[in-house]
Amino acid sequence: MATAGLNIYHLARLQAVSPDWPGGFWWHWLFFTVVIIGFVLTMVMGVIYIERRGMGRMQSRLGPNRTGPFGLLQPVADAVKVLLKENIVPAAADKLVHWLAPVIAFAPALMLFAVIPFENGALLADLNIGILYVIAISSVSTVGIFMAGWGSSNKYSLLGAMRNVAAIVSYEIPMVLAIVGVVLIAGSLSLNDIVVAQNVPFILLQPLGFLLFFAAGCAEINRSPFDLMEADSELVAGFHTEYSGMKFAMFYLVEYAEAVAISAIIATLFLGGWKGPILPPWLWFVVKIILVFFAMVWTRTTLPRIRIDQLMAFAWKFLFPMSLLNMFITALQVLAGWPTELVWVMIIVNIAVMAILVLVWSRFFFRLGGGRVEI
Amino acid sequence: MKFERYGIGIAKGLTVTIKHLFRHPTVSQYPEQRLNISRRFRGNELIWNQEKCTGCGTCAKTCPQGAIEIITSTDMAENKYVVEKYEADTGYCIQCGLCIESCPYEALYFSHNFECAKYRRGELVQGKEEMLETPERKVSGYFYPDKAEKLPKQTLLIEKVTEKR
Ligand code: SF4
Ligand code: SF4
């Protein structure tokens, strides 16, 4: 373990220095840590505002509009309110676990941003295994959520936490396999190299991969329609039923920080990250994050929550085989050299492949419960 | 072969929500923007006309809730009843309208006012002075079509929502 850790550290040091960025100094790490924390917190505020106002308008409401101009200060007001609330810990709770859970859930959401490039080479650590790091770190927050469910000693919390673990274990697989397609085309696991390789945004080369990753990503961070772990109508609030005050605020922050992180990863992998004309790269990146997040809000408003059996069936009987097929098709195309020579052919072929695969698979192969209804 | 199952249904749903994003919202921001309520609104208060009332007590008798209390004395010189106390307990009133319909002298009306929430039960009892018609306590058109005509037409939607903040 120790040597592996050391290796990653060395690689990080080697890769962090990019041609036009003065990395490799101690202030590089300090600067980016501060930038990332500030970035995540401001993005979370903005994103909460977008979600509440956007969702309101989609549901023919106005959304919060009283605090500050256009209701822009609503997240601030919420934060102040939540911080002033009493901190209640259930008598039967496992105090230490209950206290640690929000911290453990929050750390990975921040750590994810360490490998996400804001500009060419402008990132905390340009790991050459960036994607692997993302996958590994993002599942750590499940531990925090499971601790929350366990520590609360409440059956609904535990049920929510168990559902979350089940969902993450299942959805991690199609998610990784969907990423493999991107990695094959880019030929690198480093997020910065993947962005550099995107002359055409990979959403065009990998339309199916994008859809799979989007669905799996939404399920991974438990956003509607996959929000079974906090299904308010069944489980009160799932794993954070017993949380209040500051700790609840932490979980609220985790939810949106993870949403921002997944949006950032999707923007980096499929939408060309910081690449774009005219505007400065970091602005392009923010715009793309917000676009992806808006798509999440859009699906959240539209789709009803799915059942737990549908959740599992969707992961194992639809996303998993589709991502395998996607991986094989992409591998064949890469072997034939399409991504470099026949880009436009590849785009058209892949969009057609996506349409045919989705139709055929859902028509002939996708069944809930093997076609039987069991009670 | 029906395509509804293969993602078309989801696409349809998505177009519905995106259309609503660009429509104007169907809400009113209550304290600043109000919809006009029905002209025949059975208000939460009663309005009583002191001049017309003869103190016959029909309203109190007909009330199924016993919400109206009326005490009269006789004025021998004028040869008529004097209403000493007239009280309606709006906490008991079920807004059935029987008292208004039964009043032979058209002295009792519903009010067109719906913001009658109070902090104490005792405040729900309307005394004589709180039953008179004032600019704030308008008479509703219930049972009196001629009065209904003078009230503004009911609105169901605010046509253009301008955000108040
Ligand atoms: S409306 Fe009905 S319940 Fe209310 S005071 Fe008149 S008769 Fe009584
Ligand atoms: S029925 Fe009419 S006139 Fe008779 S007491 Fe009641 S309000 Fe007065």
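A compact table of results
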quantity: At least 20 Å along the helix axis (C-alpha) and Kyte average at least 1.0, DSSP helices within chain A; calculated: A:26-58, A:95-111, A:155-186, A:245-270, A:281-302, A:320-335, A:343-360
quantity: Exercise: per-residue mean of other protein chain Cβ atoms within 10 Å, B:16-22; calculated: 6
quantity: Set B:LYS52/B:LYS138; B:LYS19/B:LYS153; B:LYS118/B:LYS150; A:LYS95/A:LYS155; A:LYS155/A:LYS317 screened for pairs whose C-alpha atoms are more than 25 Å apart; calculated: B:LYS19/B:LYS153; B:LYS118/B:LYS150; A:LYS155/A:LYS317
quantity: Ratio Rg/Rh [Cα only; Rh per Kirkwood] for segment A:192-234; calculated: 1.21
quantity: Residues in segment A:43-73 that, when all protein chains are in place, have 40 Å² or more less accessible area than the chain alone would give (probe 1.4 Å); calculated: A:ARG57, A:MET58, A:SER60, A:LEU62, A:ASN65, A:ARG66, A:PHE70
quantity: Volume of the Cα convex hull of the protein assembly as shown, divided per residue and given in Å³; calculated: 238
quantity: Unit charges at the beta carbon, dipole of segment A:240-375: most positive-side option, A:LEU303, A:LEU335, A:SER244; calculated: A:LEU303
quantity: For chain B, accessible area per residue (1.4 Å probe, heavy atoms of protein chains only), Å²; calculated: 66
quantity: 17 Å Cα-Cα reach of A:LYS275 towards lysines, excluding residues that sit fewer than 8 places from it in its own chain; calculated: A:LYS288
quantity: Fluctuation leader among B:THR62, B:THR17, B:THR134 - chain B, Gaussian network, Cα springs under 10 angstrom; calculated: B:THR17
quantity: Cα pair distances exceeding 23 angstrom across segment A:218-375, given as percent; calculated: 57
quantity: Distance between modelled label sites at B:ASN49 and B:LYS118, nm, 7 Å Cα→Cβ extension; calculated: 2.5
quantity: Chain B - Kirkwood radius from inverse mean 1/r over Cα pairs (Å); calculated: 19.3
quantity: Highest-MSF residue in chain B out of B:GLN154, B:GLN65, B:GLN29 [GNM, Cα springs under 10 Å]; calculated: B:GLN29
quantity: Charge-dipole axis of segment A:4-367 as Lys and Arg at +1 and Asp and Glu at -1 on Cβ define it, positive-most pick from A:GLY38, A:LEU291, A:VAL349; calculated: A:LEU291
quantity: Ranked by how many other beta carbons lie within 10 Å on average, peptides B:33-44, A:86-97, A:124-135 from highest; calculated: A:124-135, B:33-44, A:86-97
quantity: Rel. contact order, % - alpha carbon contacts under 8 angstrom, at least six apart, chain B; calculated: 32
quantity: Percentage relative contact order, chain A, counting C-alpha pairs under 8 Å, at least six apart; calculated: 20
quantity: Average other protein chain Cβ within 10 Å of Cβ, residues B:8-14; calculated: 3
quantity: Dipole of the protein assembly as shown [Lys/Arg +1, Asp/Glu -1 at C-beta], most positive-end residue of A:PHE118, B:ILE100, A:PHE366; calculated: A:PHE366
quantity: Exercise: per-residue mean of other protein chain Cβ atoms within 10 Å, A:351-363; calculated: 1
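The values are calculated or read from the model by the stated rules, or taken from the named source; none is laboratory data. The structure displayed is predicted, hence computed values, not measured ones. Cβ coordinates were reconstructed from backbone atoms using ideal geometry, including for glycine residues, and neighbour counts include every protein chain displayed. For accessibility, only protein heavy atoms count, side chains too; no ligands or nucleic acids. Shrake-Rupley method; radii C 1.70, N 1.55, O 1.52, S 1.80 Å.
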